[in-house]
1. Kindly evaluate Gln60 against the criterion of being modelled with pLDDT under 95, open to solvent by 30 Å² or more (accessible area, probe 1.4 Å) and over 23 Å from Ile40 (Cβ atoms).
2. From the list Ser32, Ser97, Ser101, Ser39, which residue is in contact with a Pro (Cβ under 7 Å, 6 or more places away or on another chain) and free of Cβ contacts under 8 Å to residues at least 60 places away in the same chain?
3. Can you work out which of the residues in the stretch 27-57 that are polar (S, T, N, Q) and within 17 Å of Phe140 (Cα to Cα) is surrounded by the most Cβ atoms within 10 Å (Cβ to Cβ)?
4. Out of the residues in the stretch 147-162 that are within 16 Å of Asp69 (Cβ to Cβ) and in contact with a helix residue (DSSP H, G or I) (Cβ under 6 Å, 6 or more places away or on another chain), state the one that is surrounded by the fewest Cβ atoms within 10 Å (Cβ to Cβ).
5. What single numbered condition from (1) surrounded by fewer than 20 Cβ atoms within 10 Å (Cβ to Cβ); (2) over 29 Å from Pro44 (Cβ atoms); (3) among the hydrophobic types (A, V, I, L, M, F, W, C); (4) within 15 Å of the chain's Cα centre (by Cα) fails to hold for Ala79?
6. Please go through (1) farther than 17 Å from Ile77 by Cβ; (2) in a helix (DSSP H, G or I) for Val13 and return the number of the only condition it doesn't satisfy.
Amino acid sequence: MKGVVFTSFEAFVNARFGETLTEKVMAHPDLSTGGAFTSIGYYPHTDFLTLAIAAANESQTPISTLVKDFGEALFHILAKAHGDLISDYDTAIGLLSVIESVIHRDVRKLYTNTELPQFDILERDSDVFVHMDYSSSRPFADLAEGLIRGCLDHYGVKEKSSIERDDIKPDGTHTRFKVRVAQNGPNR
């Protein structure tokens with residue numbers, strides 16, 4: 001996994017739970033790096049799982065909630081760092097509909113060693129809804145849901161949106177998302 005995920009997670013945990021808890025989490029003995037991550041490095045996804053489980057345990061937060069909340073925060077970090085990749089899309093549904101065909105294609109050009117999940121668009125109705133399948137060798141459906149929430153928030157439609165989730169595989173490697181945005185109110 002790209003190091004920016006790890007450095008962003010460390011900052012997220014620090015902002016949410018404080019320095020003491022963050023230090024405990026980052027000192028976990030099962031981390032391959034001893035807890036040192038750089039934004040430009042690549043690290044095993046198992047290190048992220050170790051960090052997420054440790055942060056959830058230390059903070060007494062359900063891991064699913066913690067990872068979804070982090071995913072939402074991560075979207076904003078990535079959108080700020082790579083605004084050029086999303087600047088052509090005026091709506092959340094428009095952006096979500098091109099994750100695989102445009103966004104992931106461009107990310108692969110920038111970061112050739114990156115293993116990305118697959119998002120297959122099953123159905124889309126303009127800017128009202130999109131149904132998509134998430135699949136990955138890694139169990140990050142909660143992270144994907146958080147990223148979707150972050151996208152909806154970025155476009156100012158989170159509060160009037162719904163996300164239905166159907167876990168095809170219970171281990172978080174294959175999930176169907178149905179994202180719907182009500183058509184009244186702000187949308188930037």
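The values are calculated or read from the model by the stated rules, or taken from the named source; none is laboratory data. Because the structure is predicted, anything quoted here is derived from the model rather than measured. Using ideal geometry, Cβ is built from the backbone for each residue, glycine included, and neighbour counts are taken over all protein chains shown. Each accessible area value is taken on the protein alone, full model and side chains, heavy atoms only, with ligands, DNA and RNA left out. Shrake-Rupley method; radii C 1.70, N 1.55, O 1.52, S 1.80 Å.
1. no
2. Result: Ser32 is the single residue among Ser32, Ser97, Ser101, Ser39 that is in contact with a Pro (Cβ under 7 Å, 6 or more places away or on another chain) and free of Cβ contacts under 8 Å to residues at least 60 places away in the same chain.
3. Thr50
4. Selected residue: Lys158.
5. In the conditions (1) surrounded by fewer than 20 Cβ atoms within 10 Å (Cβ to Cβ); (2) over 29 Å from Pro44 (Cβ atoms); (3) among the hydrophobic types (A, V, I, L, M, F, W, C); (4) within 15 Å of the chain's Cα centre (by Cα), Ala79 misses (2) alone.
6. Among (1) farther than 17 Å from Ile77 by Cβ; (2) in a helix (DSSP H, G or I), Val13 violates only (1).
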